[in-house]
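The values are calculated or read from the model by the stated rules, or taken from the named source; none is laboratory data. What you are looking at is a predicted structure, and each value in this text was computed from that prediction instead of being measured. Cβ placement follows ideal geometry from the backbone for every residue including glycine, while neighbour counts extend to all protein chains displayed. When the accessible area is computed, the model is the full protein with side chains, heavy atoms only, and any ligands, DNA or RNA have been set aside. Shrake-Rupley method; radii C 1.70, N 1.55, O 1.52, S 1.80 Å.
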Amino acid sequence: MSKTFFIAGAVALVAAGGAFWMSRSGPALPPALSVAAEAQEATASSEAALVPDMVMGQAEAPVEVIEYASFTCPHCAHFHDTVLDDLKKNYIDTGKVRFVYREVYFDKFGLWAGMVARCGGPEKYFGISDMLYDTQKDWLAPGEAAGIADNLRKIGLKAGLDADKVDACMKDNDMAKAMVATYQANATKDEINSTPSFVIDGQKYSNMSYEDFAKILDEKLAN
């Protein structure tokens, strides 16, 4: 069963933790941010300009798939391990599907992971995402903020990002607020209540196997 959540609760949870920054001597946490208030005041258009969707595939592909997922969700990691590669090979890379990935934040650790993934820009985003999902259990293993922050910083460095750039991304509180606001607006609009969830040409679906996914895509491509 997918991990369910309520958007208001998720935003409040993120607000309690805020963003973070890393010093050369190790991780440190700043005071909590009023992320929930920032999300309520933000407009979808202004935040979308700052926090754009991450996309794979051709813009003119006949079918659009939007995935809502959290970097801390085990079911999402399983989907990326067992389904996404085949979808990419058979549908995305062949020009049949435009794939949009949208982050969901159950907790501050998922938000921090998203900040690291976005640090490399669109060119590195999906490569870093793969690293986050492939090593999800490892970087979450400390179970506390300082250890997880340090592990995420190491993933950024392993992805080839400059240490100063990783530090700057990690302490970008304005970006953290914008990411939460954008997530809240998108998830509310698409009525997302579990992860991973998918919106395929405007219709919502829950987690599924590659075989079920391919069947739905083939039906839509045939129409």
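I want to confirm something. Restricting to region 86-105 and keeping residues that are touching a Phe, Trp or Tyr at 6+ places or on another chain (Cβ under 9 Å), among the charged types (D, E, K, R) and assigned to a helix (DSSP H, G or I), which single residue is least open to solvent (accessible area, probe 1.4 Å)? The extreme case among them is 86.
With respect to the stated conditions, residue 154 is at pLDDT 95 or above, out of contact with any His (no Cβ under 6 Å at 6 or more places or on another chain) and more than 30 Å from residue 218 (Cα to Cα). Considered as a group, the residues in region 106-119 that are out of contact with any Cys (no Cβ under 8 Å at 6 or more places or on another chain) and open to solvent by 10 Å² or more (accessible area, probe 1.4 Å) include one that is farthest from residue 159 (Cα to Cα), and that residue is 107.
For region 121-132, name all the residues that are touching a residue at least 24 places away in the same chain (Cβ under 8 Å) and open to solvent by 10 Å² or more (accessible area, probe 1.4 Å).
Result: 122, 124, 126, 127, 130, 131.
Do we have any residue at all in region 161-170 that's surrounded by 17 or more Cβ atoms within 10 Å (Cβ to Cβ), in contact (Cβ under 8 Å) with a residue 12 or more places away in the chain and under 20 Å from residue 102 (Cβ atoms)? Yes, the conditions are met somewhere in region 161-170. Selection over region 200-223 of residues that are in contact with a Lys or Arg (Cβ under 9 Å, 6 or more places away or on another chain) and in a helix (DSSP H, G or I) gives a count of 2. Residue pairs whose Cβ atoms lie under 6 Å apart, separated by 6 or more positions or on different chains, with the first residue in region 70-94 and closer than 25 Å to residue 59 by Cα and the second among the small types (Gly, Ala, Ser) and assigned to a loop (DSSP other than H, G, I, E, B), are 76/70; 92/57.
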